[in-house]
Amino acid sequence: MITLHHLRIGRSIFTVWLLEEMGLDYELKVYHRNPQTFRSQDDIKQATPLGKSPTLEDGDIMLTESGAIAAYLVDRYDTDRKLAPDRTDWKAYAEYLRWLHYPEGSVFLPLFLRMLQAREGDNPSPVYKAFADGEVPLHLGLLDERLGEMPYILGDTFQAPDIGISYAANMAERVGEIGPYKNLKAYLDRNMEREAWKRAKARAVE
């Protein structure tokens, strides 16, 4: 039985979305943030020492890290390869891996710094601001250009990396950065209309 440890108001909602896209049976254990610090509380640390989510349990297997969880679920359970190319096509599979890990590996940090700057008010750290000022448009511009050429990040069909890219686009929208990137905004809006996303949002109480 698959169990997903989900900390509310965070990235693990996108793992719930993947599980819904795949039509897998799973148990969802929901945790709440500390209202003062907005960090996880001690209850989730019983499931994972760092108190982070998503954390996935599948029998005697335990996984953390969104990209690793997505790769595991697709490789093990997506037997029809609806959400990923077949490994016999190494060029397509390499491109799939690139975009599967891109959200956490590249674009998340600049957007996270933007989020922290918003909490700092009128005096954000000049070092972090300068970094984000350069990196945010670099990444959002890359995504916007690519999504002007194709409806999904790998081409004509929705695949697993689109969930992570939607997460990045969602972050960009939340920090007020998505406005100039019309293709990225249209892509996010399109993906938010998927029935699996709507089921995930309802089930995870986001």
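Each residue was assigned an accessible area with a 1.4 Å probe, and for M171 the value is about 10 Å². Net charge within 10 Å of R87 by Cβ-Cβ distance, Lys/Arg positive one each and Asp/Glu negative one each, not counting R87 itself? Residues close to R87 contribute a combined charge of -2. On a per residue basis, the range 66-206 carries 52 Å² of accessible surface, using protein heavy atoms and a 1.4 Å probe.
With a ≥ b ≥ c the root eigenvalues of the C-alpha gyration tensor of the range 137-196, is it rounded (a/c under 1.5), prolate (a/b larger than b/c) or oblate? Oblate, since a/c reaches 1.5 and b/c is not below a/b. In this structure, the residue pairs whose Cα-Cα separation is over 26 Å, taken from K45/K82; K52/K82; K129/K182; K45/K201, are K45/K82; K52/K82. Shape verdict for the range 77-206, please, from the Cα gyration tensor: rounded (a/c under 1.5), prolate (a/b greater than b/c) or oblate. Cα axes put the range 77-206 in the prolate bin. For I2, nonlocal amide neighbours, meaning residues 5 or more places apart or on other chains whose placed amide H falls under 5 Å from its own, are E27.
Computed from the Cβ-Cβ distance with R0 of 22 Å, the FRET efficiency linking M62 to A130 stands at 0.05. Among DSSP beta bridges whose residues both lie in the chain, state the antiparallel percentage, nearest 5. For the chain, the DSSP antiparallel bridge percentage is about 60. Of the accessible area of the range 102-192, computed with a 1.4 Å probe over protein heavy atoms only, carbon and sulfur atoms account for 55 percent. For the pair A92 and H32, label points projected 7 Å from Cα toward Cβ lie 4.6 nm apart. Judged by the gyration tensor of its Cα atoms, with axes a ≥ b ≥ c, the range 11-152 is oblate; a/c meets the 1.5 cut and b/c is at least as large as a/b.
Scanning residues 5 or more positions from Y31 or on other chains, those with amide H under 5 Å from its amide H are H6, L7, R8, with H placed 1.01 Å from N in the peptide plane.
The values are calculated or read from the model by the stated rules, or taken from the named source; none is laboratory data. Here the structure is a predicted model, which is why all the values come from computation and not from measurement. As a convention, Cβ positions derive from the backbone with ideal geometry for all residues, glycine included, and neighbour counts pool all protein chains shown. Side chains included, ligands, DNA and RNA excluded: accessible areas come from the protein's heavy atoms. Shrake-Rupley method; radii C 1.70, N 1.55, O 1.52, S 1.80 Å.
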